[in-house]
Amino acid sequence: MKRIAVIGAGAAGCFCTAELRRLRPELRVDVYESGHKPLAKVAITGGGRCNLTNSFEGIRSLAEAYPRGERLMKRLLKQFSQEDTWRWFESAGVPLVLQEDHCVFPRSQDAMDIVHALLRRMEGANLLLRTPVHRIETPDQVGGDGSITKVGGDGSITKVGGDEALIPGLTRNLLVDGTPYDAVVMTTGGAPKGLPMLDGLDLEWVPTVPSLFTFTIRDEGLRSLMGLVVDASVSIPGTAFKADGPLLITDWGLSGPAVLKLSSYAARHLHEAGYQAPLSVNWLGLNEAETREILQETAAGNPRKQVSNTPVAGLQARLWNHLIAKAGLRADIRWAELGSKGLNRLVSTLTQDTYAIAGKTKFREEFVTCGGVALGNLDPATLESKRHPGLYFAGEVLDIDAITGGFNLQAAWTTGAAVARSIAAK
């Protein structure tokens, strides 16, 4: 009987295991998890509701959803798509619902329904909790005397030789802390500190940095508007990084889908800048000509009214007055008094309102990284290591990451399914 080791009981690891149990129930699957419970992150994602995928409607290019790994995801989604995810979980007893923002949730709005469905379909696998893996070795790392390395539960390392080391078929196996397996699937998540357990396997690793975070802004005038949500466009001046969508003003700065998308697109740029960078906000999401036209029409229709009493394009009064002050205009100025200079200042403020990013803030309980195992190490159809047959990778440990909206979990399901199908076919 073939033995498979899955390292990590997160979304990708558990989905891969569930698929292995479905496709090849005769396989022995051992799931190693250093924590005290499986799927801990899935249970809290989406505020405990679990945004498990997305309809992808409105996504013109996969690069919009996957800043890193879009070419591989385009290929793998043909094997296991968002529609396949929908069918898989509904067949597992979890009715789903599609929201207006194209995000997919359990109809119950309870992430534990997703957790329980995965655990049910993993039945028969050996779930080894509180069992960290210290080292993965290949046959060419076995000592010349036939000895193999064993790592104790306390982290102690010993060499075992003689008959005990001569495991039948050893040359066809990978070793997980000295235990032989026919295949090993790495699904350890973002691994901010890398994967020391793979030291010696000569795999290229792309350094990991945070993605999906909110911005600390120290502007007290802006932060006094906490709670307001505006459809806007945000960008980093001097770069091509830009994102649109709802923008949430918080007591620490800015959040919301627009900021989270921008943090994903610019993850490496902001890391290299020490999370200190200028941020430009276009409050209407329109270009200068369109914004000027709206202001001129408002001025023509309200010449005797104060500018502060006539917000444009549905902007909230508090935000409108903040922007008037930033434009250097008097609070009591009338539209007829604005003049070309005042109009230009207001246009500039509405389209290029600049703030200073002064740090990042973790987004809820979620933590996503960009970076991981370089995709060039792997067979793009199976995610198997080109250098080490039988060693697979799935989920966030890969150099694949996405914007918020269910795309990261879709990558976990898709890559987990690809690995399971490759192993099951052998």
Of the candidates A289, A240, A258, the one satisfying the condition of being open to solvent by 10 Å² or more (accessible area, probe 1.4 Å), of a type outside the set (K, R) and in a helix (DSSP H, G or I) is A289
Item to complete: Answer yes if at least one residue in the stretch 112-135 is out of contact with any strand residue (DSSP E or B) (no Cβ under 8 Å at 6 or more places or on another chain) and over 30 Å from Y181 (Cβ atoms), and no otherwise.
Response: yes
For C14, the lone unmet condition from (1) without any contact (Cβ under 8 Å) to a residue 24 or more places away in the chain; (2) touching a Leu at 6+ places or on another chain (Cβ under 6 Å) is (1)
Of the listed residues (A336, A331), the one being open to solvent by 50 Å² or more (accessible area, probe 1.4 Å), hydrophobic (A, V, I, L, M, F, W, C) and part of a loop (DSSP other than H, G, I, E, B) is A331
Exception for D163 within (1) part of a helix (DSSP H, G or I); (2) open to solvent by 30 Å² or more (accessible area, probe 1.4 Å); (3) at pLDDT 80 or above; (4) not small (G, A, S) falls at (3)
Residue hits (the stretch 102-128; assigned to a loop (DSSP other than H, G, I, E, B) and surrounded by fewer than 15 Cβ atoms within 10 Å (Cβ to Cβ)) are R107, Q109, G124
Only unsatisfied item for G274, checking (1) in contact with a helix residue (DSSP H, G or I) (Cβ under 9 Å, 6 or more places away or on another chain); (2) among the small types (G, A, S); (3) surrounded by fewer than 16 Cβ atoms within 10 Å (Cβ to Cβ), is (1)
With criteria (1) touching a residue at least 24 places away in the same chain (Cβ under 8 Å); (2) open to solvent by 50 Å² or more (accessible area, probe 1.4 Å); (3) over 19 Å from P67 (Cβ atoms), V230 comes up short on (2)
Apart from one, (1) more than 22 Å from I249 (Cβ to Cβ); (2) under 41 Å from the mean Cα position of the chain (by Cα); (3) open to solvent by 70 Å² or more (accessible area, probe 1.4 Å) all hold for R318; the odd one out is (1)
Confirm whether T291 is free of Cβ contacts under 8 Å to residues at least 60 places away in the same chain, out of contact with any Lys or Arg (no Cβ under 8 Å at 6 or more places or on another chain) and polar (S, T, N, Q). no
request  = State whether the residues of the stretch 341-364 include one that is more than 16 Å from S280 (Cα to Cα), among the small types (G, A, S) and open to solvent by 60 Å² or more (accessible area, probe 1.4 Å).
outcome  = no
The helices (runs of 4 or more DSSP H) lying wholly within the stretch 5-79 that contain at least 1 residues that are open to solvent by 30 Å² or more (accessible area, probe 1.4 Å) and either polar (S, T, N, Q) or within 24 Å of R107 (Cα to Cα) (or both) are 40-44
If we ask which residues in the stretch 401-413 are outside any loop (DSSP other than H, G, I, E, B) and within 21 Å of V206 (Cα to Cα), their number turns out to be 6
Just one listed residue, out of L284, L279, L247, is over 16 Å from the mean Cα position of the chain (by Cα), assigned to a loop (DSSP other than H, G, I, E, B) and crowded, with 17+ Cβ neighbours inside 10 Å, and it is L284
Requested in this report: Looking only at the stretch 360-368, decide whether some residue is closer than 30 Å to D182 by Cα and touching a strand residue (DSSP E or B) at 6+ places or on another chain (Cβ under 9 Å).
Outcome: no
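The values are calculated or read from the model by the stated rules, or taken from the named source; none is laboratory data. Everything quoted here is computed from the prediction, not taken from an experiment. Here Cβ is always computed from backbone atoms with ideal geometry, including for glycine, and neighbour counts include all displayed protein chains. With ligands, DNA and RNA removed, areas are computed over all heavy atoms of the protein, side chains included. Shrake-Rupley method; radii C 1.70, N 1.55, O 1.52, S 1.80 Å.
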